[in-house]
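Just so you know, all these numbers are worked out from the coordinates, no wet-lab data involved. Note that the coordinates shown come from a computational prediction; the quantities given were computed from them, not determined experimentally. Here the Cβ is made from the backbone with ideal geometry for all residues, glycine too, and neighbour counts use every protein chain on show.
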Amino acid sequence: MRWTVFAFFAYVFLAFDMGLRPMLEIGSGERGVAPSFLLILMVWVAMMGPGHAVRWAALILGLLLDLGSTYATSGGGVAVVAGPHALGFVLGAALAVQLRGLVYRRHPFHTGVLTLLSGACAFVPAVFLLTMRRIISTGFDSEHVIAWNASDQLVNAFLTVVYSAVVAVPVGWALNRVAGLFGFQVHPRLGHPR
């Protein structure tokens, strides 16, 4: 895998996540749902890339999502929490790597299916870790506790994953057209690595 190409696409997909959110968001405020382009890129790289590179790519993409997400605190400020999505993306990528042998990698519909499955595996641990952080930090410093409701966040994560899976079909089609830039060697008819 060519890491410079991956870095460029990670930057572009982070810009999509931050810039297109207001246009693609369904609902508003905390209940608003928008697709996660970083999740789609993570799943696509997990479908196409070698296993050792997939773990690092998922960790980087999850960390980018963590650093781009802010949470309101009970003291009126905002907090950035690094780690929950990074760990969740590594787990989601591991699931995608295990399931990629069951699908035709070049078919964009399968990008959507794996985005749905891997996204659930990625976002549930992130919600759990953020919930545990809120519970543990409540007793120490009440000013920096994030305003967090686990059930609302699970529903929001589920809707985000479903929305991302729908958007993953055309995005997967576009990414399949530039797979050669990443240096992935995939058999053109079978969709398996050479």
If the elastic network links every pair of Cα atoms under 10 Å, which of VAL178, VAL161, VAL145 fluctuates the most in the Gaussian network model of the chain?
VAL178
Trypsin sites (Lys or Arg not before Pro) lying in DSSP loop within the range 1-105, provided at most 15 other Cβ fall within 10 Å
ARG2
For Cα extents along the principal axes in Å the list reads [x] 56, 32, 28; [y] 58, 37, 30; [z] 74, 48, 34; the calculated value is entry [x]
If I require 30 Å or longer along the helix axis, counting alpha carbons, and a Kyte-Doolittle average no lower than 0.5, what helices from the chain are left? Use full DSSP H segments.
108-138, 150-177
In deg cm²/dmol, rounded to 500, what helix-only [θ] at 222 nm does the chain give when every DSSP H run of at least 4 residues adds -39500 (n - 2.57) and the total is split over its residues?
-22500 deg cm²/dmol
Mean-square fluctuation check for the chain, GNM, Cα pairs under 10 Å: which of GLY32, GLY75, GLY112 is largest?
GLY75
